[in-house]
1. Can you give me the long-range amide H partners of S30? Hydrogens built in the peptide plane at 1.01 Å from N, cutoff under 5 Å, separation of 5 or more residues or another chain.
2. Summing +1 for each Lys or Arg and -1 for each Asp or Glu, what net charge is found among the other residues whose Cβ lies under 11 Å from the Cβ of D201?
3. So what is the 222 nm mean residue ellipticity for the chain from helices alone, if each DSSP H run of at least 4 adds -39500 (n - 2.57) and you divide by all residues, rounding to the nearest 500 deg cm²/dmol?
4. In whole Hz, with x marking every Gly and Pro, tabulate ³J(HN,Hα) for region 61-66 from phi via Karplus 6.51 cos²θ - 1.76 cosθ + 1.60, θ = phi - 60°.
5. Quick check for me: using +1 on Lys/Arg Cβ and -1 on Asp/Glu Cβ, what's the dipole size of the chain about its Cα centre, in debye to the nearest 20?
6. Based on the alpha-carbon gyration tensor of region 125-179, what equivalent-ellipsoid semi-axes (square roots of 5 times the eigenvalues) come out, in whole Å, largest first?
7. What distance in nm lies between label points placed 7 Å from Cα along the C-beta direction at A31 and A220?
8. Which entries of K106/K163; K108/K185; K108/K140; K121/K163; K108/K168 have Cα-Cα distances beyond 25 Å here?
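Read the figures in this text as sums done on the coordinates, not as results from a lab. Here the structure is a predicted model, which means the values were calculated and not measured. Cβ: placed from backbone, ideal geometry, glycine included. Neighbour counts: every protein chain shown.
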Amino acid sequence: MTNSVTLDPPTPELLEAGRLLFAGSADFTSAAPALGALPPMEGVEIAFAGRSNVGKSSLINALTGRNTLARTSHTPGRTQQLNFFRIGERLMLVDMPGYGYAAVEKAKVEAWTKLIHAYLKGRSNLARVYVLIDSRHGLKSIDTDLLDGLDKAAVSYQVVLTKGDELKKSEIDRRIQGIQAALAKRPAAYPEVLLTSSRDDRGVAELRASIARLLQERGA
């Protein structure tokens, strides 16, 4: 099983760099319910976006090796603000509000959407958005709406498939290839699609390595 069908696997050196990046401190620093509450821009920032039930908080906890860093809930839509986590001394990780949860009030969804768009357009230190997609379902129209916005804002993004342990082995390459084909003509999309599972840690080391590579490219 491979996590990508286009790019070479990360080198042992890059895997180790990713491990070390997330082996240090990881702390919640602030929450921004509105644009005026955003913290100052410093260092390299990455953001995690995805549907409300995609497993975003669980993957953040798996990345950092901390079960309770990002709050997980059986109730979708609990993340209602931009949550900032400092990873070591070089990286800020941002947990964005989940989208697509119909039970949340329309006015609140509109406020989140406005906050997210303002954040994406005005954050010059934002290096990449990791867009989490449920591997069982693939890209939905609500996901492509987000990708359209990221392309328009010229914000680099990479698709990360979650819940990979629930996908049959025979379906994995087909799912990845289908998403890569959909991303091929999108100007801001990073070509590599990663398959992960917070339950059995598959792909977590590769995602850490991807983030470490991004920091190296940024000279951080």
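1. Answer set, sorted by chain and number: F84.
2. Numbers: positive: R199, R202, R208; negative: D165, D200, E206.
Combined, the nearby Lys, Arg, Asp and Glu give 0.
3. That calculation yields -11500 deg cm²/dmol at 222 nm.
4. Using θ = phi - 60°, the values come out as 5, 5, 4, 8, x, 10 Hz.
5. Computed about the Cα centre, the dipole is about 440 debye.
6. Numbers: eigenvalues 111, 26, 15 Å².
After scaling each eigenvalue by five and taking roots: 24, 12, 9 Å.
7. My value for the distance between the label points is 2.3 nm.
8. K106/K163; K108/K185; K121/K163; K108/K168
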